[in-house]
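First the structure, in the form of structure tokens, and then the observations on it.
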Amino acid sequence: MKPLFAKGPSLGVRLLVLTVLSVALMVVDARFTLLQPLRSQLGVIVEPVYWLGRLPLTLWEGATEELSSRSELAAENEKLKAEQLMMQRRLQKLATLTEQNVRLRELLNSAALVDDEVLATELIGIDPNPFTHRILIDKGEKDGVLLGQPVLDARGLMGQVVEVMPYTSRVLLLTDTTHSIPVQVNRNGLRAIASGTGNPERLELRHVADTADIKEGDLLVSSGLGQRFPAGYPVATVSEVVHDSGQPFAIVRAVPTAKLNRSRYMLLVFTDPRSPEQRATESAEAQEAADRQRQEQEASAAAETAGSSTVQEVEQ
């Protein structure tokens, strides 16, 4: 009768046989090239195992690199958007400054026009009331935002700050029915008042004489009257002028240059609180002080020259 379980070689014998076989294979592989094809075939078979072993590390490195690249690109994108907004904001004033530069320098007796300080901000909320055109921005009292501070985007003025909170502010847009802004036609300096209509795509000019020199396509810029908005920023472009011989005033409609319902990034403008008269007076006083200082320096230099000449004559 055969036993139920056949007893094979002991573990020691098996280990010895496997050791001898391994040493023999290593010697043959090192001395001869008989096992080269077999090793190549085994490499092909084992390659998926290596690939599966490296898969977690490869996925981790790829995910880390992707997240790092996305964060770097997002930061760079935000920086470039802010820089582009700054550059476009500077270009807005070129048309007006080109025409007024010489005249203002002579009037204010100033060497150059000082550019306004600005602060970049981002839209974070919109007033849900359809009859009120207000937005919420991410800068507030902690950032130095002031009540009544002008706000503009890359294309023109958007409105002004009407409520300041510690970390956020509320901005009233130009198109709100309660908002008005003094403007002038950039072509000829004609002054008017642009009022909101409740339509984000339209402003109206109030009480413009029927004979006024204004036509479709004219650029309206802020006049600076009222000391609320800085002068020279684009406000709107005239889209329609309706003349009625029976009425004393023409109907003038304009389209805001700013993208009031699309812009996400904006600028808060810190304007010079001094009036034009104060700036002109201070500029004149500074010029007089500089002239007096120059005259004193010239007198002192002349006195020193005269003194040295007297000393030389005495020595002779």
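Computed from the coordinates by the stated procedures, all read-outs in this text should not be read as laboratory data. Since the model is a prediction, treat every value here as computed from it, not as a measurement. We place every Cβ from the backbone using ideal geometry, glycine too, and count neighbours over all the protein chains shown.
Points worth noting:
- Student exercise, region 185-279 dipole from Lys, Arg, Asp, Glu Cβ charges, in Debye to nearest 20: 460 debye
- When PHE131, PHE270, PHE229 are arranged by Cβ crowding within 10 Å, least crowded first, meaning fewest neighbours, the order is PHE131, PHE270, PHE229.
- Note on region 179-208 and region 123-167: Cα centroid distance 21 Å, given to the nearest whole angstrom.
- For region 186-250, the set of trypsin sites (Lys or Arg not before Pro) satisfying both a DSSP loop assignment and a count of at most 12 other C-beta atoms within 10 Å is given as LYS215.
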